């Protein structure tokens, strides 16, 4: 029959996913990597109302802030900073040495918030998702950095 490549479709998606998961797990184990991903989320309240949300993932010694959402009417009141501090505290508790996140050019408020909380732009990708420029930021959060 010979060697061939086909696109993953609904018909072969389950087999392809099982293959990838199995082989990736074998490779990680053989190399001795710790690749368990932990997920955490936090909610900020003002009185009894939710005004903010953050979610994160931890893999190895790195923490990724995957979402930070603050209600428009709650912005400028420290909600974002409070959620970032909680994210960093969770990361340090889990022995992470670096925190990282991303935002795009149209989210000027978020970029300013992250920089004001000690994050530095480490990469800038033009014409990335949605044809925006994306900023990747990081911050060393432990003196145990690799």
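Values as computed for the structure displayed
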{"read-out": "Rough spin-label spacing in nm, given labels placed 7 Å along Cα→Cβ, for residue 53 and residue 36", "value": "2.7"}
{"read-out": "Rg(Cα)/(2.2 N^0.38 Å) for the chain, N = residue count", "value": "1.31"}
{"read-out": "Scaled radius of gyration (Cα, divided by 2.2 N^0.38 Å) that segment 44-127 gives", "value": "1.11"}
{"read-out": "Along each principal axis, Cα extent of segment 83-146, largest first, Å", "value": "36, 23, 16"}
{"read-out": "Computed E for residue 28/residue 8 - FRET, C-beta separation, R0 22 angstrom, nearest 0.05", "value": "0.55"}
{"read-out": "Sequence ranges 62-71, 129-138, 21-30, ranked by mean other-Cβ count within 10 angstrom, highest first", "value": "62-71, 129-138, 21-30"}
{"read-out": "Mean residue ellipticity (222 nm) of the chain, computed from DSSP H runs ≥ 4 via -39,500 (n - 2.57), nearest 500", "value": "-9500 deg cm²/dmol"}
{"read-out": "Within segment 70-87: backbone nitrogen closer than 16 Å to the residue 43 label point (7 Å, Cα to C-beta)", "value": "70-71, 83"}
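Laboratory data are not the source of any read-out in this text; all were calculated from the coordinates shown. All of these numbers come straight from a predicted model, not from anything done at the bench. Note that each Cβ is placed from the backbone with ideal geometry, even for glycine, and that neighbours are counted across all protein chains shown.
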